[in-house]
Structures are given as structure tokens and as C-alpha cells.
Amino acid sequence: MRLRGERDLLSAPAPVAPARQRGAALVLAGAVLWGTAGAAQELLDGAVSPVTVGALRTVLGGLALMVVALPGLRGAASRWRLARSPLVLAGVCIASYQVAFFVGVRSLGIAVGTILAIGAAPFVAGAVSILTGRHRPSRRWIATTLLAVVGLVLLVRPDADVRVSLGGAAAAVGAGAAFGLFTVLTKDLLARGLGRLDTIVVPFIVGGVLLLPVLIHGVVTSDEAVRLVTWPGLAVVVWLAVGATAAGYLLFITGLGGVAAVAGTTLVLAEPLTAGLLGVLVFGERLGPVATVGAATVALALVLAARRPEVEPAR
């Protein structure tokens, strides 16, 4: 017997929705910080090549993450050994993403390059999740992501006087594929019980080792690299390493623990929105009426995704 108005506690929703939304908010915050990376490259004004900027971000961002992780490094080697292969593969993805991303942004512009790179990530994450049996995305996620894609298509639709480089587009899409795979790998490592810092520090160590020769070569061969050690140049480099990389990835990894990999890659579409806004407001890039509608459509998709983010079933 139940009194009138008495709530059935067994039928009440589990208190996981706030946790999901907190996770989604953290992922969005990380994506906003990432969205400043293309602008940081523009502020360097060609002091070094895009590939060198990607290497710089990986090496210095990895060092910043190692400083954060120092208190918990005791016994880290034994933890890392248990998941060595996926951690190394995640590091390869980090290195590939950084280089391809900055090549795409330099070739296509901040807004279009970032949008293509991040726009490819949800589909790669969804495909990998399905093929490996980790998670089958829901119809809601599919609809939300398709809505975001419609917005991306409108946003990146070139005007008559805009030329799109096929090489730049290929680099940007390749960056998105690398990031999508990195996200799935990271989510799987978190599900195995590996610490959040472990899942990000090791890949950045691997990526930094792979890209250190690229960084050294790019700095040595650039006639303008001296600008990196001026006060404005140092400020941009510090932000690129600490804000746009280390802090952004820490927020992303922390938030990813509460949402599915496919949801994380959809929420990361906040990065191109941030990049597009900076490109228009700060660097004078032009978004026409159709592109503006596209940006609003992506924003709507993000709101829908953040309200009820996808979660993976317990395994």
C-alpha cells in the first residue's frame, strides 16, 4: 500500500545523470581550451612550421603533464606494463594527431581545419567501438551526431572565392581519425582501472619521444625560431603547452570517465566552435550566413549531447 503522492524509490532515476552531465561539462571545457590551439599557432606568425608547432605542443605539454603526475609516479612502471601496447598505440595517435592537425589548420584556416579534424573523430570512435564490440551507439547519439555533421557541412561549405586544399583536408581528417582512436583506447584503459593521469602521461611521453627529432629539426632550420624566446613568443608557447594542451587533456580525460567514447568525441565538437569564433572575432576570418547557421546547428547538437550524454554499459 502506498500513500498518495508517495514516490516509488525503486522507480526513481539513478543519481547518475548529474555525474554524466559533470563529465560532459568537463569534456566541453577541455574542448574549449583545445580550440585556442589554432589561434596560438597564428599568433606565432610562421616562426616555425605547423609540424614543428605540433611537435612543440606534444613535447612541452607532455612535460607539463609529467610535472602534474610526479606525486603519483611511485609504482607507475608496474601499472603501465599491464597495458603497454594500448598505451604506446595511444601515444602514436597523439603524435599523429598533433602533426596532422596543425598541417590542416595552416592549410585550411583555423575554423575549417579544426572543424574537419574534430568532425571526423566521432565517426571513427563509433566505428571502432562497434567493430570491437565495446559499445553500440544509441539512436539518440546517431541523430545528435548527424545533426552536428549537418552543421559542420554548412560551416565548412566554401564560398565561391574560397579554395580548399585536398592535402590540407586529408591531413585534417587524418587528425580526426587519430583522435577518435585515441579516445576509444583511453576509454578502454580507464575501464580497465588505469589511473586518469596514467592514460594521458604515457601517451604524451611516447608522442614526445617520437616528435622530439621533428621539434629539434624544425627549430634549427627555421630562420624565425628566435621569436619563440621573445616575451610574446614565450607567452604563446606556455599557453600552447599548459593551457591548450595539458589542462585541456586533463579536463577531457577526467570527463571521459563519466561518458562513452562516442559521446566524448561528439562533445569535442566544441573545439571547432571555439576555433571558429576566435577565427572570426580575432583574426578576421569570414563566416557567411550559411556558415553561421551551421555553427548554430553544431551548438544545438552539443546542447542535446551534453544534456543526456551517452554512457557505455558496464562490462
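Values in this text are rule-based calculations from the coordinates and carry no lab data. These figures come from a predicted structure and were not determined experimentally. Cβ placement follows ideal geometry from the backbone for every residue including glycine, while neighbour counts extend to all protein chains displayed.
Applying the criteria of a DSSP loop state and at most 15 other Cβ atoms within 10 Å to the trypsin sites (Lys or Arg not before Pro) of the stretch 189-255 yields 192. By the Cα gyration tensor, the chain has an equivalent ellipsoid whose semi-axes, rounded to whole angstrom, run 33, 26, 16 from largest to smallest. Taking GluC sites (Glu not before Pro) in DSSP loop states with no more than 14 other Cβ atoms inside 10 Å as exposed sites, the chain has its longest site-free stretch at 7-223. With both labels modelled 7 Å from their Cα along Cα-to-Cβ, the residue 63 to residue 222 distance reads 1.5 nm.
In the chain, the calculated helix contribution to ellipticity at 222 nm averages -23500 deg cm²/dmol per residue, counting -39,500 (n - 2.57) for every DSSP H run with n ≥ 4. The length gained on full extension between residue 296 and residue 19, counted as 0.36 nm times the residue separation minus their Cα-Cα distance, comes to 97.1 nm.
May I ask you to list, by number, the DSSP H helices of the chain whose Cα span along the axis is at least 18 Å and whose average Kyte-Doolittle hydropathy reaches 1.6 or more?
Numbers: long enough: 17-34 (25 Å, 0.82); 50-69 (28 Å, 1.74); 84-108 (36 Å, 1.27); 110-131 (32 Å, 2.16); 139-156 (25 Å, 1.79); 166-191 (38 Å, 1.41); 196-221 (37 Å, 1.83); 289-307 (27 Å, 1.73).
Span-like helices, by this rule, are 50-69, 110-131, 139-156, 196-221, 289-307.
If the segment from residue 73 to residue 130 were pulled out straight at 0.36 nm per residue, it would be longer than the present Cα-Cα gap by 17.1 nm.
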